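Notes follow the structure.
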Amino acid sequence: MKIYLRMSLMREKQAIDEHFEDIEALIIDSHILETFQNATSGYVTRNKLKFIIDPITYRFTTEIIKECTKKRWYDRLVENYKMEDLMRYDGTLNLDKLHPHIRRNSFVKNIINYQDKRISQLSTETESWLTLLSEDNGRFEKKPLNVFPPYFIIESDESLDINIKSIMLAKEHTTNKIYANIPIENELLYDIKFINKLIEKYTSLELDGYFIWITDFNELKQRKSYLTYYEYLFKTFKDNVNDEIQINNMFGGYFSNLLTKKGVMDGFAHGLGFSESKNPYGQGGPAPTRYYVPLIHRMLTIDRAEDILENYEESKCNCPVCEHKEISELSTIELTKHVLNVKVQEKELSETLSLDELIEKMNSDSSGIVESARDSETRKQFNIYTEHLREWSNALS
Ligand SMILES: [Zn+2]
């Protein structure tokens, strides 16, 4: 089971530091890299981390980009992607300008070159003092584990074809592994005919791997039938490629952990607390203060989490952060560290137990919590907090 971590705040480094070995790679959005150029490139280089850069090209075609043109990363990305001539006055990317072929080809080349070279470029400035710190730093390969050809949200046959064309051009521009980044508008998930066509197109490209992203699909909020479509998508992808080709979920939570256990995907990515699903048309922003309750595999506000912990002793976390503290005493960074500690515990547990045992545990945790409620009002609340566990269990059984 491979866990990829999407880093979005510099303070998360303190949590990640303790778990380098447990993470397959860091996924860094290019706008994060450009916002914190030295901090990010220095961190990756100093610790010789495995990393992947997400070029977030889709973002330049969404409405929200118009509000981002004053941010420092905007100009830096437009410049580094060499796409000045492709931009409209309102700050959005004009995909019509990707004709003729020669323009599309250089667009693809620029996006891929950026991923292959950017960390090297940025860390060159700090190289001299880095080599003082560590003698063999010069040998660290500052290339990402793979590159993503430019991609856009798939809403129709047209956007699907734009993505496919980019991938077909990518091979001549890198010797690195090529993964497709596949963001699918969530309503299309239920259009089996479209999904089958999409899978056929992508798998016939013979890439090294895939990261699939169903937009705004929060595993916690889905009914069994939707979860079944979700599983179908990953399973069909997996069935249509060789074993060594990686099928990953770009934004997943504990349900993705269970699907990985089931063998329908190889791994999944998540952020530290709020990136288990993603709406591409939203601004994002800092996460509210919440606590990840291990037994229910979800975040709750501190007072709600306390409610469960007080009623149900077994739900207390035993990670090094929580061991000797009340959760209301935890600092923001401790809350973040706790999330990653628990995610790693979840991964280890999945590698130890069978899928049936994991489902059984989920069922008994869910009923244990509900039954621990001290009164009918609390019981009603606990039923709500654990509802997703029953949906997940039904979907997998
Ligand atoms: Zn903990």
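Things worth noting here:
- Residue satisfying condition, being among the acidic types (Asp, Glu), on the phi < 0 side of the Ramachandran plot and out of contact with any helix residue (DSSP H, G or I) (no Cβ under 8 Å at 6 or more places or on another chain), within set Asp75, Asp54: Asp75
- Residues satisfying the stated conditions in the stretch 288-313, i.e. more than 14 Å from the ligand (Cβ to nearest atom), over 28 Å from the mean Cα position of the chain (by Cα) and within 24 Å of Leu258 (Cβ to Cβ): Tyr312
- Selected residue [within 14 Å of the ligand (Cβ to nearest atom) and not aromatic (Phe, Trp, Tyr)] from Glu351, Glu346: Glu346
- In the stretch 193-209, the residues that are acidic (Asp, Glu) and either outside any helix (DSSP H, G or I) or at pLDDT below 95 (or both): Glu206, Asp208
A quick yes/no check of all residues on (1) under 23 Å from Gly42 (Cα atoms); (2) touching a Lys or Arg at 6+ places or on another chain (Cβ under 9 Å); (3) part of a helix (DSSP H, G or I):
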| position | (1), (2), (3) |
| --- | --- |
| Arg59 | no, no, yes |
| Tyr74 | yes, no, yes |
| Glu79 | yes, no, yes |
| Ser106 | no, yes, yes |
| Ile112 | yes, no, yes |
| Gln115 | yes, yes, yes |
| Ile119 | yes, yes, yes |
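- Counted residues, the stretch 81-104 - those being under 22 Å from Ile153 (Cβ atoms), touching a helix residue (DSSP H, G or I) at 6+ places or on another chain (Cβ under 8 Å) and not aromatic (Phe, Trp, Tyr): 13
- Pair list, Cβ under 8 Å, 6 or more apart: the stretch 322-334 residue over 15 Å from Leu300 (Cα atoms), other residue aliphatic (A, V, I, L, M) and more than 9 Å from the ligand (Cβ to nearest atom): Ile333/Ala15
- When every residue of the stretch 306-315 is checked against the conditions, at least one turns out to be closer than 25 Å to Gly252 by Cα, touching a residue at least 60 places away in the same chain (Cβ under 8 Å) and in contact with a strand residue (DSSP E or B) (Cβ under 8 Å, 6 or more places away or on another chain).
- Test: Leu353 is buried (at least 18 other Cβ atoms within 10 Å of the Cβ) and aliphatic (A, V, I, L, M): no
- Residue under evaluation Glu357, criteria (1) away from the ligand (no atom under 16 Å from the Cβ); (2) within 29 Å of the chain's Cα centre (by Cα); (3) in contact (Cβ under 8 Å) with a residue 24 or more places away in the chain, criterion not met: (3)
- Any hit, the stretch 59-70, residues being closer than 25 Å to Met168 by Cα and within 16 Å of the chain's Cα centre (by Cα): yes
- Flag if Thr386 is within 16 Å of the ligand (Cβ to nearest atom), crowded, with 17+ Cβ neighbours inside 10 Å and of a type outside the set (A, V, I, L, M): no
- Number of residues in the stretch 19-32 that are within 23 Å of Lys337 (Cβ to Cβ) and touching a residue at least 60 places away in the same chain (Cβ under 8 Å): the value is 5.
- When residues of the stretch 325-343 are limited to those that are away from the ligand (no atom under 11 Å from the Cβ) and either of a type in the set (A, V, I, L, M, F, W, C) or assigned to a loop (DSSP other than H, G, I, E, B) (or both), the one nearest to Asn218 (Cα to Cα): Ile333
- Flag for Asn218 being closer than 23 Å to Gly271 by Cα, under 22 Å from the mean Cα position of the chain (by Cα), surrounded by fewer than 18 Cβ atoms within 10 Å (Cβ to Cβ) and touching a residue at least 12 places away in the same chain (Cβ under 8 Å): yes
The values are calculated or read from the model by the stated rules, or taken from the named source; none is laboratory data. This is a predicted model, so every value here is computed, not measured. Heads up, the Cβs are rebuilt from the backbone with ideal geometry, glycines too, and the neighbour counts pull from every protein chain shown.
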